[in-house]
1. Of the residues 576, 581, 600, which is surrounded by fewer than 16 Cβ atoms within 10 Å (Cβ to Cβ) and polar (S, T, N, Q)?
2. Can you name the condition, by its number, that residue 607 falls short on among (1) over 30 Å from residue 663 (Cα atoms); (2) crowded, with 17+ Cβ neighbours inside 10 Å; (3) touching a residue at least 40 places away in the same chain (Cβ under 8 Å); (4) within 28 Å of the chain's Cα centre (by Cα)?
3. Within the stretch 412-441, can you find the residues that are among the polar types (S, T, N, Q), assigned to a loop (DSSP other than H, G, I, E, B) and in contact with a strand residue (DSSP E or B) (Cβ under 7 Å, 6 or more places away or on another chain)?
4. Assess whether residue 403 counts as being more than 25 Å from residue 519 (Cα to Cα) and either more than 16 Å from ligand 1 (Cβ to nearest atom) or assigned to a strand (DSSP E or B) (or both).
5. Which one is nearest to ligand 2 (Cβ to nearest atom), of the residues in the stretch 427-457 that are aliphatic (A, V, I, L, M) and within 25 Å of residue 534 (Cα to Cα)?
6. Step by step: first the residues of the stretch 678-700, then only those that are touching a strand residue (DSSP E or B) at 6+ places or on another chain (Cβ under 9 Å) and farther than 18 Å from residue 623 by Cβ, then the one that is surrounded by the most Cβ atoms within 10 Å (Cβ to Cβ). Which residue is that?
7. Search the stretch 385-442 for residues being within 16 Å of ligand 3 (Cβ to nearest atom), more than 31 Å from the chain's Cα centre (by Cα) and crowded, with 20+ Cβ neighbours inside 10 Å, and hand back the single one that is nearest to residue 453 (Cα to Cα).
8. Residue check, residue 457 against (1) of a type in the set (Lys, Arg); (2) out of contact with any helix residue (DSSP H, G or I) (no Cβ under 9 Å at 6 or more places or on another chain); (3) surrounded by 14 or more Cβ atoms within 10 Å (Cβ to Cβ), all met but one. Which one?
Amino acid sequence: MSVQISVLVQTPAHSPLAEPLTYQSELPLAAGTLVRVPLGQSETLGVVWELQLGAAADPPPVPHKTIKPITSVLEGVAPLSKAWRQMVAFSASYYQRSLGEVALSALPPQLKSLDATQMQRRLRRKPPAASASQDAQAAESSPSPWALPELTPAQAEVLQRMDHASEHPGPFLLFGATGSGKTEVYLRAVQKVLESDPQAQALVMVPEINLTPQLEARFAHRFAQLLGSRFLPDTLVSMHSGMTGPQRLKSWLAAHQGQARIVLGTRMAIFASMPHLQLIVVDEEHDPSYKQQEGARYSARDLAVFRGRLENAPVILGSATPSLESWHHSRAAAEGGRYLRLEMPDRVGGHSNFPLVRRVDMNHQPKGAVFSQPLLQAIQERVARGEQCMILLNRRGYAPVLQCSDCDWKSECTHCSAYRVFHKIDRTLRCHHCGFTERVPRHCPACGNPDIRPLGRGTEQLEEHLSELLHAVARPDGSPVRVARIDADTTQKKGTLESQLASVHAGDVDVLVGTQMIAKGHDFRGITLVAALNPDGALFSSDFRAPERLFSLLLQAAGRAGRSPDLSAQSEMWVQTHHPQHPLYAALKAHNYPEFARQQLAEREQSALPPFSYQALLRADARTQEVAQGFLSAARLAATQLPAAEHVSCFAAVPLTIQRVANVERAQMLLESTSRTALQHHLSQWHSLLHALKKDPAHKGVIRWAVDVDPLAI
Ligand code: ADP
Ligand code: ZN
Ligand code: ZN
């Protein structure tokens, strides 16, 4: 006599198969068990699910004869824990996606392609047990006794306050200046949970893949020393999208089976199965990379807070420029704050003061100047002394537009409402939105004029320009100045970013030019001057989060300067601006994030923007704007009928800033409410109406639609 079980399988985003499917099994199977099941003509991975958890309604009764039996159980892999299942259920419901999609995309892709026999073989492959990693061997054989660095008073106090869970269990917002030693706090917090319980696991998240190797090396080094021969190859594993299928499966299994004591990863790691999870760290918690931008558009930072509460594990959010959401949540408890704010305002050792911020009023410089005279002079002086400089410009390529000197022609992309960027290195025009690339035409395609000119500047041109400007300057040893560039164009090949960063660290580069890619996280030791050439754009952006991102970027960038105690020169952060009196730059000059946050939160409160309200977007893509907006307007009308409608404002449909990409017209509609519960309630009821609308022949031109809850860009 067989039993009926419910199983989640990977379902297309908006298919009606969104809920668990029913199968037969010889034996009852625990929820969370991984199984292989027949689906249509093929066979797929599934997760046994309890119906109470997140399913909208009981599935319609199925006549017994038609229920298919499962194919097999993935033996040897323990069921996914209740907490993991609860997190998946929460994510699916909060971010308005199907359970099957969220559950299955949280598992490593390779797990889906192995059948039960292959899985058995995979599991029998034991990790090389006794051969500890090189670091561990080095630590064991190292003759000199090894000691942990002595904590600074600020670090010691922060750790001590985190220990008093009875007073405040967290989440903790570690508000620590760049270079204040936040990583050491993470290391100690992880060490403490690992020492307190031989099974305990810790999850440490970083925003970007290119920051993982650096942090991984630091963690591996520390824990190899601490654990000695108990530091096995699987003790510390990574999880990010740059890994191969087999690597990801290996890390996932190590975490799921408990061998991995530390999991280090990007946003996807928030879904790692960790049965003994006891600590979550989110480094640079303000970083927009924690928000997934397709499928289930989850915020890994927010899910970390949810998961910590669910699993009773403390959560540490760390940043020098916290998100205004987290900052607001960490206001005094008496004012309703839920997070505990812990501060480390000073750099370790106090050796290097924070860089001096210098604003150059570009209104007093020749029109169109890229480098103001004083900045150029400062760069020349520094490189002549053998110091390094970093120049930021948030635009890659040679010039953002090519223009005909005679007629109106500009290098528009034929598929997008955007200009194609001129890349001089291969003389191409490239669209940064759809990828459409062509050779630069010899003559204006409109009037035949051979004189077509670059308009504006990108990093490629800056590199060239700077090499010319510094031509006459020599380094202390008399050799010529070396200018290098790091951006998405120079780092396409695997390994190039690492080698380029290494040459900066080695001092082989005097002036580094790049996009925001180089502004974050890197522990450059020789840089004493950082300059942002043209940051004003974000001051007057229609996106209310633009100033927050700008302030954070500039403060992070400033944090790259003056990190070495050996450099006696006062380090500097230069900002070229047409608005030197802007309060954002004043707060930057004072290194005063709290003041900046106060200004911004006051503005947000006045306009009832997040964190004082909650938002969601409905987006639609279609061949024409009319069709896309037609769908959104119909959706808006449908929403007015819903019970929570009076608590949710629903704005009119508008085209996206870049309205057309790859010949697809894009539109969106904003929903806003002062109550998160009301908004959630509204969205969940709206969802089935949206499915129905999409099926309506009137909207058959809609290519896709999606809901984005707590969107980062409006
Ligand atoms: P943050 O992550 O806050 O920017 P880091 O953790 O990278 O700062 O620390 C900055 C520098 O100070 C690093 O080189 C680190 O090794 C060093 N450091 C951190 N804590 C200590 C300490 N207690 N004693 C000595 N050096 C420390
Ligand atoms: Zn022309
Ligand atoms: Zn394009």
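The values are calculated or read from the model by the stated rules, or taken from the named source; none is laboratory data. Note that the structure is predicted; figures quoted are calculated from it, not measured. Cβ sites come from the backbone with ideal geometry, for glycine too, and all protein chains shown count toward neighbours.
1. 581
2. All conditions pass for residue 607, except number (2).
3. 417
4. Yes.
5. Among residues in the stretch 427-457 that are aliphatic (A, V, I, L, M) and within 25 Å of residue 534 (Cα to Cα), the one nearest to ligand 2 (Cβ to nearest atom) is 452.
6. Top of the filtered list is 686.
7. 402
8. In the conditions (1) of a type in the set (Lys, Arg); (2) out of contact with any helix residue (DSSP H, G or I) (no Cβ under 9 Å at 6 or more places or on another chain); (3) surrounded by 14 or more Cβ atoms within 10 Å (Cβ to Cβ), residue 457 misses (2) alone.
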